[in-house]
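Written below as structure tokens is the structure these notes are about.
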Amino acid sequence: ESYDLDPVLDFMKEHYAAPNAEYAGVAKGKNVIVIHLESFQQFLIDFKFEGREVTPFLNSLYHDQNTLGFENFFHQVGQGKTSDAENMMETGVYGLPQGSVFTTLGSDNTFQAAPSILKQNGDYTSAVFHGNVGTFWNRNNVYKNFGYNYFFDSSYFNTDPDNVLQYGLKDKLLFGESIKYLEQLQQPFYTKFITVTNHFPFPLPEKDGDFPRATTDNTAVNNYFATAHYLDQSLEEFFNYLKASGLYDNSMIVLYGDHYGLSNSDNKALLSVLGRDPETWTDYDNAQLQRVPYMIHMNGLKGGIQKQYGGEIDALPTMLHLLGIDNKNYVQFGTDLLSPQHDQVVAFRNHNFVTPDYTVLDGTIYNNQDGTEVTEPTAKLQKQVAVWQKQVNRELSLSDSVNEKNLLRFYTPQGFKPVNPADYNYLTGYQ
Ligand code: GP9
Ligand code: MN
């Protein structure tokens with residue numbers, strides 16, 4: 001099946017976007033701290049509920065002069081939810097059309113993921129901090145194929161019932177209790193903190209936060225702002241620690257939302273909070289809510305709000321170029337968001353897509369200027385949309401073949417050493 005590789009490598013050659021000279025290597029040798037914002041949607045940024053900013057800390061970070069804040073960055077997950085986001089963010093390959101690539105193929109497939117790339121280009125030590133059991137989403141096996149040196153799962157933390165909520169340790173405790181491990185890591189390190197408190201249907205005990213609840217007929221909508229506010233507070237506490245410890249000055253901090261928190265059916269109740277008329281709400285509006293934050297913050301970075309369209313698939317090429325590592329020889333389906341050649345066609349897992357000017361959902365074209373359906377597209381527009389759809393279909397099917405045929409066992413990028421998962425084991429904290 002290695003001949004299946006050729007169309008993949010052809011696509012990589014055509015689709016490659018070179019680094020932006022202004023940003024290439026500006027973070028070289030810095031620690032990388034990735035913060036996974038569970039179920040956090042971009043509409044929460046700068047959003048006020050009953051006159052109060054839901055996420056004042058993230059708002060200030062988003063507008064900080066040392067932050068690249070992406071305004072049109074979309075999640076691209078399928079049924080794998082968090083695990084699809086992780087796969088895209090760390091390998092540059094999509095999740096599967098159905099199910100989760102982590103659970104179905106993650107134990108035995110060959111990956112060329114961020115931890116191993118950074119290990120081999122800068123001798124980075126890598127670790128994940130996550131307050132859920134390590135077997136969830138088959139992470140304990142997948143991370144060995146990613147080349148993570150450490151995986152601090154719930155067994156490393158104090159998971160008394162009062163400290164845990166739904167999928168794991170409350171976020172403030174995750175950040176607080178991870179510090180003793182973080183400080184032991186050899187630098188430069190590449191770390192990922194996966195939060196969980198802001199998870200559907202967003203229950204939060206009154207003692208953990210007094211942010212006002214909405215009063216719609218939908219519990220998830222009512223609670224969403226309180227758990228997002230709690231997550232925001234946990235981030236502020238963590239940043240205060242990073243600054244006090246000095247880690248802030250030699251780290252690049254990357255934050256992203258993994259996928260939507262409120263689904264299209266929840267959005268009906270959200271309208272009243274957003275002040276939108278249900279009569280005018282369409283699939284176009286649901287698609288616009290699929291934006292998630294993507295922020296890159298580093299002391300001294302030339303920041304600014306970024307308008308280019310992109311998604312989770314573009315994150316790894318962007319990060320590698322900032323670290324001075326060229327992704328040219330890697331099989332990654334996205335492009336560096338900062339590159340002049342960045343491809344702004346954003347594919348969703350279901351083959352729908354958005355571009356800066358149009359949103360195309362099951363073949364229906366919407367104009368992004370005013371959100372209206374283009375009922376009589378010109379021949380020129382129809383042709384252009386067909387070209388975009390063809391590329392989206394090609395990109396997703398090539399990614400599916402990489403996953404389903406495990407093609408990376410046949411392709412080792414020049415200079416890359418394949419990962420041996422047997423080199424890693426994640427002993428629990430209590431052994
Ligand atoms: C599970 C947590 C939530 O450990 O990451 O996963 P999700 O339900 O969002 O996929
Ligand atoms: Mn998630």
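The values are calculated or read from the model by the stated rules, or taken from the named source; none is laboratory data. These numbers come from a predicted model, not from an experiment. Methodologically, a virtual Cβ is constructed for each residue, glycine included, from the backbone with ideal geometry; neighbour enumeration extends over all protein chains shown. Protein only, heavy atoms only, side chains kept; ligands, DNA and RNA dropped before computing areas. Shrake-Rupley method; radii C 1.70, N 1.55, O 1.52, S 1.80 Å.
Residues in segment 202-222: is at least one under 26 Å from Asn31 (Cα atoms), within 14 Å of ligand 1 (Cβ to nearest atom), assigned to a helix (DSSP H, G or I) and in contact with a helix residue (DSSP H, G or I) (Cβ under 7 Å, 6 or more places away or on another chain)? Walk me through how you get there before you give the answer.
Step one: of segment 202-222, the residues under 26 Å from Asn31 (Cα atoms) are none.
No: zero hits.
Of the residues Leu9, Leu96, which single one is within 16 Å of ligand 1 (Cβ to nearest atom), over 21 Å from Gln288 (Cβ atoms) and either modelled with pLDDT of 95 or more or touching a helix residue (DSSP H, G or I) at 6+ places or on another chain (Cβ under 7 Å) (or both)?
One residue alone meets the criteria, Leu96.
Val254 - would you say it is assigned to a strand (DSSP E or B) and either in contact with a strand residue (DSSP E or B) (Cβ under 6 Å, 6 or more places away or on another chain) or in contact (Cβ under 8 Å) with a residue 40 or more places away in the chain (or both)? It would help to see each step written out before you state the result.
On the way: assigned to a strand (DSSP E or B): yes; either in contact with a strand residue (DSSP E or B) (Cβ under 6 Å, 6 or more places away or on another chain) or in contact (Cβ under 8 Å) with a residue 40 or more places away in the chain (or both): yes.
So Val254 fits the description; yes.
Please go through segment 334-373 and give me each residue that is open to solvent by less than 10 Å² (accessible area, probe 1.4 Å) and in contact with a Gly (Cβ under 7 Å, 6 or more places away or on another chain), ordered by number.
Gly334, Leu337, Val346
Between a residue in segment 381-409 that is open to solvent by 80 Å² or more (accessible area, probe 1.4 Å) and any residue that is aliphatic (A, V, I, L, M) and at pLDDT below 95, which pairs come within a Cβ distance under 6 Å, given they are 6 or more apart or on different chains?
none
Does Phe146 satisfy being at pLDDT 95 or above, over 21 Å from Leu231 (Cα atoms) and in contact with an Asp or Glu (Cβ under 7 Å, 6 or more places away or on another chain)?
Criteria met by Phe146.
Out of the residues in segment 79-90 that are of a type outside the set (S, T, N, Q) and in contact with a Phe, Trp or Tyr (Cβ under 8 Å, 6 or more places away or on another chain), which is farthest from ligand 2 (Cβ to nearest atom)?
Going through the qualifying residues, I end up with Glu90.
Show me the helices (runs of 4 or more DSSP H) entirely contained within segment 264-340 in which 2 or more residues are aliphatic (A, V, I, L, M). Working first, answer last.
Values: elements: 264-274, 283-288, 315-322.
The helices (runs of 4 or more DSSP H) meeting that bar are 264-274, 315-322.
Could you list all residues from segment 218-261 that are within 16 Å of ligand 2 (Cβ to nearest atom) and either of a type in the set (Val, Ile, Thr) or at pLDDT below 95 (or both)?
Thr227
If you scan segment 103-117, which residues turn out to be open to solvent by 10 Å² or more (accessible area, probe 1.4 Å) and either part of a helix (DSSP H, G or I) or in contact with a Cys (Cβ under 9 Å, 6 or more places away or on another chain) (or both)?
Within segment 103-117, Thr103, Thr104 meet the criteria.
Pairs under 8 Å by beta carbon, first residue among the polar types (S, T, N, Q) in segment 8-23, partner open to solvent by 50 Å² or more (accessible area, probe 1.4 Å), six or more apart or different chains?
Asn20/Pro340
Go through segment 121-155 residue by residue and tally those that are open to solvent by less than 40 Å² (accessible area, probe 1.4 Å) and more than 20 Å from the chain's Cα centre (by Cα).
Looking only at that region, the number is 4.
Pairs needed: first member in segment 39-62, of a type in the set (Ser, Thr, Tyr); second member anywhere, open to solvent by 20 Å² or more (accessible area, probe 1.4 Å) and within 16 Å of ligand 1 (Cβ to nearest atom); C-beta distance under 6 Å; at least 6 residues apart or different chains.
Here the result reads Ser39/His199, each pair linking segment 39-62 to a residue that is open to solvent by 20 Å² or more (accessible area, probe 1.4 Å) and within 16 Å of ligand 1 (Cβ to nearest atom).
Condition first: aliphatic (A, V, I, L, M) and more than 16 Å from ligand 2 (Cβ to nearest atom). Now tell me which residues in segment 262-278 satisfy that.
Matches in segment 262-278: Ala269, Leu270, Leu271, Val273, Leu274.
Limited to segment 170-207, what total is found for residues that are closer than 24 Å to Tyr260 by Cβ, touching a strand residue (DSSP E or B) at 6+ places or on another chain (Cβ under 8 Å) and open to solvent by less than 30 Å² (accessible area, probe 1.4 Å)?
Qualifying residue count for the region: 11.
Determine, yes or no, whether Val93 is aliphatic (A, V, I, L, M), farther than 18 Å from Phe193 by Cα, away from ligand 2 (no atom under 16 Å from the Cβ) and touching a Ser or Thr at 6+ places or on another chain (Cβ under 9 Å). Give the steps one after another, and end with the answer.
On the way: aliphatic (A, V, I, L, M): yes; farther than 18 Å from Phe193 by Cα: yes; away from ligand 2 (no atom under 16 Å from the Cβ): yes; touching a Ser or Thr at 6+ places or on another chain (Cβ under 9 Å): yes.
So Val93 passes the test.
Please enumerate the residues belonging to segment 120-132 that are in contact with a Lys or Arg (Cβ under 9 Å, 6 or more places away or on another chain) and over 12 Å from Ile194 (Cβ atoms). Even if it seems obvious, please write down each step before you answer.
Within segment 120-132, the subset in contact with a Lys or Arg (Cβ under 9 Å, 6 or more places away or on another chain) is 120, 122, 125-132.
Passing the criteria: Gln120, Gly122, Thr125, Ser126.
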